[in-house]
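Note sheet for the following structure.
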Amino acid sequence: AVNISAWWLPAPEGKAPRPRIVAMHGLAANNNHCGVQATCFLLREMGFSCLAPSARDFGLSGQSSHPNILTWGYDYHLDLLGAWDYAVKDPDGVLGGEYPEDQVGVMGFSKGGFAAAIAMALEPRIPAAWLDSAPFHRLRGSIESTVAMYAGPFVASILSPAVFWSAQYFSENKVDNYDPIKLLSQQCPKQRALMISQSSLDNVVPIYESQDATTILSGMPNCYDVHTYTPPEYCNGATHHQEMWEFPDNTQSELCLFWSSAFKQDEALCQLKSQPRFQIWSPEA
């Protein structure tokens, strides 16, 4: 067993009904990541509480049996599932009591979105997931796209298999154990809400990975109610999940619409018209 540390970031008192969202950080980060904190701020102002865990071997969470191995699709989704179960059951009585399963969702950023996709596929009780800039094509796809970016697709086709083989060998086969798109396409306990969010200008995770997930999963309307959000994020050269501070007002509106629909609550409870405005410009202008 590994102890997972998390921030409990509740919605202010008086905000009702205060559904809960478990938010997982991305690659080699922790729950103090500014993307997690900024998004949870936007959510909390609208009445959604956040539980933000750090994955094992990061932040204040405990060590795994392999602390020097960065895994992919092997165990980080288990930390998110444990946090989701904690958010539902509140075993230590610190979250305000148990909460209905259909009022507790998950979201993840980048590699955290990869973990959230796997978690949703493995846990049919999770009602909704927001997957932000997730590398749906796994580590193999990330290697191929990174090599292609610097050396071109022909060189990538030659070098990428060797690099991936090396990753498998030195990680002791702790990478790419799950394919999130394939796994989600095989699960259909009921219709569940799914947001696939990514910058249209993302130069870290290719946009075609989210497009593939959207195409496949939106073709299963009895299983997934798929939403998309693709703002042109470019913040001082950064293009990978920047929307929460580049387009905070637009993002807060999208968060309200998606989570209100997922939790079957009135959008008016977000009180969007009374929220402070932070955004300097809008891509819709």
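The values are calculated or read from the model by the stated rules, or taken from the named source; none is laboratory data. No experiment lies behind these values; they were computed from the predicted model shown. Here Cβ is always computed from backbone atoms with ideal geometry, including for glycine, and neighbour counts include all displayed protein chains. We work out accessible area using only protein heavy atoms, side chains counted, and drop any ligands, DNA or RNA first. Shrake-Rupley method; radii C 1.70, N 1.55, O 1.52, S 1.80 Å.
Does TYR208 meet the test of being modelled with pLDDT of 95 or more, of a type in the set (Phe, Trp, Tyr) and under 30 Å from TYR234 (Cβ atoms)?
Yes.
Any residue that is touching a Cys at 6+ places or on another chain (Cβ under 6 Å) and over 30 Å from ARG140 (Cβ atoms) - is there at least one of those in the range 50-63?
yes
Identify, from the list ALA213, ALA238, the residue that is farther than 20 Å from SER261 by Cα and surrounded by 19 or more Cβ atoms within 10 Å (Cβ to Cβ).
Numbers: ALA238 fails: surrounded by 19 or more Cβ atoms within 10 Å (Cβ to Cβ).
Exactly one of ALA213, ALA238 is farther than 20 Å from SER261 by Cα and surrounded by 19 or more Cβ atoms within 10 Å (Cβ to Cβ), namely ALA213.
Need the failing condition index for MET46 against (1) more than 20 Å from MET195 (Cβ to Cβ); (2) of a type in the set (A, V, I, L, M, F, W, C); (3) open to solvent by less than 10 Å² (accessible area, probe 1.4 Å), just the number.
(1)
Going by what's in this entry, would GLU233 be described as charged (D, E, K, R) and in a loop (DSSP other than H, G, I, E, B)? Can you show your working first?
Numbers: charged (D, E, K, R): yes; in a loop (DSSP other than H, G, I, E, B): yes.
Yes, satisfied.
Could you tell me which numbered condition ALA11 fails, if it satisfies all but one of (1) open to solvent by 50 Å² or more (accessible area, probe 1.4 Å); (2) free of Cβ contacts under 8 Å to residues at least 40 places away in the same chain; (3) in contact with a helix residue (DSSP H, G or I) (Cβ under 7 Å, 6 or more places away or on another chain)?
Status for ALA11: all satisfied but (1).
State the number of residues belonging to the range 92-117 that are among the aromatic types (Phe, Trp, Tyr) and open to solvent by 10 Å² or more (accessible area, probe 1.4 Å).
Number satisfying all stated conditions: 1.
Within the range 156-175, is there a residue that is touching a strand residue (DSSP E or B) at 6+ places or on another chain (Cβ under 9 Å) and surrounded by fewer than 17 Cβ atoms within 10 Å (Cβ to Cβ)?
Checking the range 156-175: at least one residue is touching a strand residue (DSSP E or B) at 6+ places or on another chain (Cβ under 9 Å) and surrounded by fewer than 17 Cβ atoms within 10 Å (Cβ to Cβ).
Just the residues that are open to solvent by less than 10 Å² (accessible area, probe 1.4 Å) and out of contact with any helix residue (DSSP H, G or I) (no Cβ under 6 Å at 6 or more places or on another chain), please, taken from the range 49-72.
Passing the criteria: SER49, SER54, THR71.
Which one is farthest from MET120 (Cα to Cα), of the residues in the range 18-72 that are among the hydroxyl-bearing types (Ser, Thr, Tyr) and assigned to a loop (DSSP other than H, G, I, E, B)? If you could, list the steps in order and put the result at the bottom.
Start the filter on the range 18-72 by keeping residues that are among the hydroxyl-bearing types (Ser, Thr, Tyr), which leaves 39, 49, 54, 61, 64-65, 71.
Going one step further and asking which of them are assigned to a loop (DSSP other than H, G, I, E, B), we end up with 54, 61, 64-65, 71.
On the way: SER54: 18, SER61: 22, SER64: 22, SER65: 25, THR71: 18 Å.
The selected residue is SER65.
Restricting attention to the range 195-221, which residues are in a helix (DSSP H, G or I), among the hydrophobic types (A, V, I, L, M, F, W, C) and within 15 Å of the chain's Cα centre (by Cα)? Don't jump to the end; show me each part of the working.
Applying the first criterion (in a helix (DSSP H, G or I)) to the range 195-221 yields 207-218.
Adding the requirement that they be among the hydrophobic types (A, V, I, L, M, F, W, C) leaves 207, 213, 216-217.
The one that is in a helix (DSSP H, G or I), among the hydrophobic types (A, V, I, L, M, F, W, C) and within 15 Å of the chain's Cα centre (by Cα): ALA213.
Do you know which residues across the range 247-273 are assigned to a helix (DSSP H, G or I), open to solvent by 20 Å² or more (accessible area, probe 1.4 Å) and not charged (D, E, K, R)?
ASN250, SER253, LEU257, SER261, ALA268, LEU269, LEU272
So for the range 74-88 (the condition being in a helix (DSSP H, G or I), open to solvent by 20 Å² or more (accessible area, probe 1.4 Å), more than 27 Å from LYS182 (Cα to Cα) and touching a helix residue (DSSP H, G or I) at 6+ places or on another chain (Cβ under 6 Å)), does at least one residue qualify?
Checking the range 74-88: not a single residue is in a helix (DSSP H, G or I), open to solvent by 20 Å² or more (accessible area, probe 1.4 Å), more than 27 Å from LYS182 (Cα to Cα) and touching a helix residue (DSSP H, G or I) at 6+ places or on another chain (Cβ under 6 Å).
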